[in-house]
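Encoded as structure tokens, the structure appears first; notes follow it.
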Amino acid sequence: MSNTLTQRIRVRCESYFVPERSSQNENLYYFGYRIRITNEGMEPVQLISRHWTITDGLGKVEEVRGPGVVGQQPRLDAGETFEYTSACPLHTSYGTMQGRYRMARDDGSTFHAEITPFEMIVPAVLN
């Protein structure tokens, strides 16, 4: 789990294993993750883009960049929250994700809301 506050934007992330989409025989482990973004500040902000760094259990790194999240660029007024789920396939039963969202204020200024590392782990009973 990750819980990070950057310039009054809180990003919480939690991962979970998806066994029905995974295949240990093919070294494919599928993880979902829930993201909750909350504007704890007084000014509206909009999520413009994302940048993820995904590292598998062997140290292989993949970078993912793009506009918005799940096809959206949500605007959050003071006190508002946006939640979404997404997924990540790995070739190892363990990995980490971390990243940042580029956020824009109404005055045109931008900043990065950081996402501290969180783990993706196949539960021990399945290993």
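Each value in this text was obtained by applying a stated rule to the coordinates, not by laboratory testing. All values derive from a computational prediction rather than experimental measurement. Positions of Cβ are generated from backbone atoms using ideal geometry, with glycine treated the same way; all protein chains shown enter the neighbour counts.
Report, by residue number, each residue of the stretch 71-108 that is within 11 Å of the chain's Cα centre (by Cα) and hydrophobic (A, V, I, L, M, F, W, C). Even if it seems obvious, please write down each step before you answer.
Step one: filter the stretch 71-108 for residues within 11 Å of the chain's Cα centre (by Cα), giving 83-88, 96-101.
If the condition is that a residue be within 11 Å of the chain's Cα centre (by Cα) and hydrophobic (A, V, I, L, M, F, W, C), then Ala87, Cys88, Met97 are the ones that fit.
Which members of the stretch 1-24 meet the condition of being out of contact with any strand residue (DSSP E or B) (no Cβ under 6 Å at 6 or more places or on another chain) and among the polar types (S, T, N, Q)?
Ser23, Gln24, listed by residue number.
Taking the stretch 87-101 as the search range and keeping residues that are hydroxyl-bearing (Ser, Thr, Tyr) and out of contact with any Gly (no Cβ under 7 Å at 6 or more places or on another chain), which one is nearest to Gln7 (Cα to Cα)?
Tyr101
Within the stretch 24-51, track down each residue that is within 13 Å of Val11 (Cβ to Cβ), in a strand (DSSP E or B), touching a Gly at 6+ places or on another chain (Cβ under 9 Å) and not aliphatic (A, V, I, L, M).
Residues satisfying the conditions are Thr38, Asn39, Arg50, His51.
Taking Val11 as meeting all but one of (1) surrounded by 14 or more Cβ atoms within 10 Å (Cβ to Cβ); (2) over 17 Å from Thr96 (Cα atoms); (3) β-branched (Val, Ile, Thr), write down the number of the exception.
Of the numbered conditions (1) surrounded by 14 or more Cβ atoms within 10 Å (Cβ to Cβ); (2) over 17 Å from Thr96 (Cα atoms); (3) β-branched (Val, Ile, Thr), the odd one out for Val11 is (2).
Being over 22 Å from Asn25 (Cβ atoms) and part of a loop (DSSP other than H, G, I, E, B) is true for just one of Gly66, Gly59, Gly99. Which residue is that?
Gly59
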